[in-house]
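These notes are about the structure you will find just below.
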Amino acid sequence: MYDLAVVGGGPAGLSAAVQARVRGKSVLIVSGDVRDNALYKAQRVDNYLGLPETGGGALLERFRRHAQALGAQWKSGRVLNILPSGGTFYLGIGSDMTQARALVLATGVVRTRKYPGEEAHLGRGVSYCATCDGMLYRGRAVAVVGKSADAPEEANYLQSIGCRVTYVSDRVPEGLEAAIPFVKAAKLEITGEAGVEALRADGRMLPCAGVFILRPAMALADLLPDLALKDGYIAVDRNMATNLPGVFAAGDCTGLPLQVSKAVGEGQVAGHRAAEYLDQL
């Protein structure tokens, strides 16, 4: 079990990890593909104090090396759910589970408006994890809705275990196996009676038994259902504490302005206060 789990490997999460490590806490950072991070896509950052004219990717790499040099552990993956129980937080990371005594949520801005039919078919053909549920669909047709940078890799995995995959996205994928059909579409709907029967993609019906929706992150309301939100962002106090004991948040997920300096500062407070919380347990 870790003292602190940090959900998100951007500036806020890495700043929180650094603060917790210098206070002697064991830290696990869980992060998806770096290519999904908004800062990574910035060609140049001119307004971060002391490091002007630095590429966003280079800045992120410096932050990551700092946190790992202090002993923070790193796990690549997508946190699908978090279950608080008896003072412990159980994090479902893909098909794995890990535990922590406190959390810092640094997920960035998560825009995950559900598709028509998605919620109704959850657990009845809709999945968010290829490695978790892929074996259930061997020999059957599935659709992969690719919204994350690593979605083509997960589609390739499904194909490799015997699923008949169709990849659907509003942009051309990179790294998708040539044998996997690609359908470019933006307007999607999941249909079926007892379970998933098809994905409607810009009006075209794609018969399938399962739909894997691969986003960079889960919606905050799905991740921790009792987490208080305000205007779509996580509600926090000046200590970056949420309404849930032991859960802190920092960075873009707490609201405007969406700036690196704000994220790093909030991460510092969140990591510090999380360490103080742990000391009081």
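Brief remarks follow.
- In segment 155-166, residue surrounded by the fewest Cβ atoms within 10 Å (Cβ to Cβ) [restricted to those that are hydrophobic (A, V, I, L, M, F, W, C) and assigned to a loop (DSSP other than H, G, I, E, B)]: I161
- Qualifying residue in segment 193-210 (condition: of a type in the set (D, E) and touching a strand residue (DSSP E or B) at 6+ places or on another chain (Cβ under 9 Å)): yes
- Filtered residues of segment 121-140 (kept if over 21 Å from D170 (Cβ atoms) and either without any contact (Cβ under 8 Å) to a residue 60 or more places away in the chain or not in a loop (DSSP other than H, G, I, E, B) (or both)): L122, G123, T131, C132, D133, G134, M135, L136, Y137, R138, G139
- Tally of residues being under 25 Å from D150 (Cα atoms) and outside any loop (DSSP other than H, G, I, E, B) across segment 70-87: 8
- Among the residues of segment 234-281, those identified as assigned to a loop (DSSP other than H, G, I, E, B), surrounded by 21 or more Cβ atoms within 10 Å (Cβ to Cβ) and either among the aromatic types (F, W, Y) or touching a helix residue (DSSP H, G or I) at 6+ places or on another chain (Cβ under 8 Å) (or both) are V236, M240, A250.
- A count restricted to segment 167-206 and to residues that are not in a loop (DSSP other than H, G, I, E, B) and not β-branched (V, I, T) stands at 13.
- Residues being among the basic types (K, R) and farther than 22 Å from L220 by Cβ - total across segment 64-101: 2
- Residues located in segment 207-233, provided they are assigned to a strand (DSSP E or B) and surrounded by fewer than 19 Cβ atoms within 10 Å (Cβ to Cβ): P207, L229, K230, Y233
- Checklist (1) in contact (Cβ under 8 Å) with a residue 60 or more places away in the chain; (2) out of contact with any Phe, Trp or Tyr (no Cβ under 8 Å at 6 or more places or on another chain); (3) assigned by TED's automatic domain parsing to the domain that holds S26; (4) not aromatic (F, W, Y) applied to V260, failing item: (2)
- Segment 129-146, residues that are surrounded by fewer than 17 Cβ atoms within 10 Å (Cβ to Cβ) and under 19 Å from the mean Cα position of the chain (by Cα): T131, C132
- Note on segment 21-56: residues that are part of a helix (DSSP H, G or I) and either surrounded by fewer than 17 Cβ atoms within 10 Å (Cβ to Cβ) or touching a residue at least 24 places away in the same chain (Cβ under 8 Å) (or both) amount to 7.
The values are calculated or read from the model by the stated rules, or taken from the named source; none is laboratory data. Only a predicted model underlies this, so the values are computations on that prediction, with no experimental measurement involved. When we count neighbours, we look across all protein chains shown, and the Cβ atoms used for this are built from the backbone with ideal geometry, even at glycine.
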